[in-house]
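Each remark here refers to the structure printed beneath this line.
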Amino acid sequence: KEVTPAREAAAAALAELEAATDAQVLLVQGPPELAKELAESVPGFEIVVATSKFPAPPDQPEALNDGRTQLVTVGKKGQYVGVVGLYPGGDGKPPRLAYQ
């Protein structure tokens, strides 16, 4: 079997998700730098979830792509649980995100 590079796979998945969902979330199993790179190179995801090199995650997600993408980290080796709530934006606006 052939392995598809992460950027190509994320772009293909995004196209499918956009047709069927209101919000697109990308889970990255890999280094935090890869998650940030994918979030910036495939900017259609509202939320990108990744591990981090720090034991505890920050209190707030990191805004990328002029605030259109939120990078949520769950600590070193994914030791923490992040909760993301999506609330309808209304009037064609994107969903509002609440993170804890």
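Observations on the structure shown:
- Residue in segment 63-75 that is least open to solvent (accessible area, probe 1.4 Å), counting only those that are without any contact (Cβ under 8 Å) to a residue 12 or more places away in the chain and out of contact with any strand residue (DSSP E or B) (no Cβ under 9 Å at 6 or more places or on another chain): GLY67
- Residues of segment 38-62 satisfying the condition of being open to solvent by 60 Å² or more (accessible area, probe 1.4 Å) and either of a type in the set (Phe, Trp, Tyr) or touching a Pro at 6+ places or on another chain (Cβ under 9 Å) (or both): LYS53, PHE54
- Every residue from segment 76-100 that is part of a strand (DSSP E or B), in contact (Cβ under 8 Å) with a residue 24 or more places away in the chain and closer than 11 Å to ALA23 by Cα: LEU86, LEU97
- If you go through segment 26-62 and keep only what is in contact (Cβ under 8 Å) with a residue 40 or more places away in the chain and within 9 Å of the chain's Cα centre (by Cα), you end up with GLU46, ILE47.
- Summed over segment 31-65, the residues that are more than 24 Å from TYR87 (Cα to Cα) and either assigned to a loop (DSSP other than H, G, I, E, B) or among the hydroxyl-bearing types (Ser, Thr, Tyr) (or both) give a count of 8.
- Search result, residues across segment 1-25 that are open to solvent by less than 90 Å² (accessible area, probe 1.4 Å), part of a loop (DSSP other than H, G, I, E, B) and farther than 21 Å from GLY89 by Cβ: THR4, PRO5
The values are calculated or read from the model by the stated rules, or taken from the named source; none is laboratory data. Predicted model only: the values in this text are computed from it and were never measured. Cβ coordinates were reconstructed from backbone atoms using ideal geometry, including for glycine residues, and neighbour counts include every protein chain displayed. Heads up: the accessible areas ignore ligands, DNA and RNA and are worked out on the full protein's heavy atoms, side chains in. Shrake-Rupley method; radii C 1.70, N 1.55, O 1.52, S 1.80 Å.
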